[in-house]
Amino acid sequence: MAVLSLLLLVATALSTPRRRQADTNDYVSQEPPTSVAFRNATSRAGSKLRMVIHRRLGLEFRASLVGMEQVVVAHDDRTFWFWVRSYDPRRYYFSPLEDASNVGLSLVFNPLFARCVSGVEFLWNPHPKDGVLNLNDGEYEVTILFVDGLARRQVYLRQGVVEASVEFIEYQRVAGASFPRKISVALKGQSPLEIDMGQAEVGGELIPQTTPPEGMKGLRLEAL
């Protein structure tokens, strides 16, 4: 389950976090693509990952181990939901999108965390060319180091305690934008997990599949 939890770090972006002033006023802004897909991502743990993020239509993330799907996370403009085989293969969990950040989700489901790890936070919003940016979503504080316009290291704190860190080892350039290619993610008390995101694809024709699975029961997160 530790591996699956780490895989969820690259899953979903639910809301735009509140910003505090960065240590530099030299901000970078670029014209974003409509959608971004990573369809051949892998980890050293043997996992295969697929993620499609659309600026208006939402996000779809899937992770498989040994040829069997283990995790699905998705959201459209109304609802966020996830399914984890090891939790309950017959049930998925959901929440209205605007409430998803307020139902006691763990760090691996935190909107701000996943948005930053996937690189979308920096693609679709201005960020420093060099220096430190602090983000805060009300529960977690994130300190991000930028060098030459690219995020290189993120540290996640909860009540002043480091909960996780992310190292961006390598970037790729696609359609004039930079995307993470190789990242290393470490949760508190666990060994780092290295993930190769594979080739990024951009374009408006990439559509995330955001419909919950048929034949399963849904449980509202607020009821947990």
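Does residue 165 satisfy being touching a strand residue (DSSP E or B) at 6+ places or on another chain (Cβ under 9 Å), at pLDDT below 90 and among the polar types (S, T, N, Q)? Before the answer, list the steps.
Values: touching a strand residue (DSSP E or B) at 6+ places or on another chain (Cβ under 9 Å): yes; at pLDDT below 90: no; among the polar types (S, T, N, Q): yes.
Judged against the criteria, residue 165 is not a match.
Cβ-Cβ under 7 Å, sequence separation 6+ or interchain: first residue in the stretch 60-87 and under 17 Å from residue 209 (Cβ atoms), partner charged (D, E, K, R) and in a loop (DSSP other than H, G, I, E, B). Which pairs?
Between residues of the stretch 60-87 that are under 17 Å from residue 209 (Cβ atoms) and residues that are charged (D, E, K, R) and in a loop (DSSP other than H, G, I, E, B), the close pairs are 70/85.
Within the stretch 141-155, does at least one residue satisfy the condition of being of a type outside the set (Phe, Trp, Tyr), at pLDDT below 90 and within 22 Å of residue 58 (Cα to Cα)?
no
Looking at 74, 45, can you tell me which residue is of a type in the set (Gly, Ala, Ser), surrounded by fewer than 20 Cβ atoms within 10 Å (Cβ to Cβ) and modelled with pLDDT under 90?
That would be 45, the only listed residue that is of a type in the set (Gly, Ala, Ser), surrounded by fewer than 20 Cβ atoms within 10 Å (Cβ to Cβ) and modelled with pLDDT under 90.
What tally of residues in the stretch 178-205 results from selecting those that are farther than 16 Å from residue 51 by Cα and within 18 Å of the chain's Cα centre (by Cα)?
Initially, the stretch 178-205 is screened for residues farther than 16 Å from residue 51 by Cα, giving 178, 184-194.
Narrowing further to those that are within 18 Å of the chain's Cα centre (by Cα): 178, 184-188, 192-194.
Summing the residues that are farther than 16 Å from residue 51 by Cα and within 18 Å of the chain's Cα centre (by Cα) in the stretch 178-205 gives 9.
Search the stretch 46-90 for residues being among the aliphatic types (A, V, I, L, M) and not in a strand (DSSP E or B), and hand back the single one that is nearest to residue 124 (Cα to Cα). Break it down into steps so the answer makes sense when it comes.
Step one: of the stretch 46-90, the residues among the aliphatic types (A, V, I, L, M) are 49, 51-53, 57, 59, 63, 65-66, 68, 71-74, 84.
Subsequent filtering for residues that are not in a strand (DSSP E or B) retains 57, 66.
Values: 57: 15, 66: 34 Å.
Among them, the one singled out is 57.
Among the residues of the stretch 179-219 satisfying the criterion of being charged (D, E, K, R) and exposed (fewer than 13 other Cβ atoms within 10 Å of the Cβ), which is modelled with the highest pLDDT?
Applying the filter and picking the extreme gives 217.
Counting just the residues of the stretch 77-114 that are of a type in the set (Val, Ile, Thr) and touching a Ser or Thr at 6+ places or on another chain (Cβ under 6 Å), which one comes out modelled with the highest pLDDT?
Only one residue tops the list, namely 108.
Could you grab me the full set of residues in the stretch 43-58 that are farther than 21 Å from residue 211 by Cβ and without any contact (Cβ under 8 Å) to a residue 40 or more places away in the chain?
Step one: list which residues in the stretch 43-58 are farther than 21 Å from residue 211 by Cβ, which gives 43-48.
Scanning the stretch 43-58 gives 46, 48.
Consider residue 146 against the criteria (1) buried (at least 18 other Cβ atoms within 10 Å of the Cβ); (2) part of a loop (DSSP other than H, G, I, E, B): it satisfies all of them except one. Which criterion is unmet?
Of (1) buried (at least 18 other Cβ atoms within 10 Å of the Cβ); (2) part of a loop (DSSP other than H, G, I, E, B), only one is false for residue 146: (2).
The values are calculated or read from the model by the stated rules, or taken from the named source; none is laboratory data. Here the structure is a predicted model, which means the values were calculated and not measured. Glycine also receives a Cβ, built like all others from the backbone with ideal geometry; neighbour counts cover every protein chain displayed.
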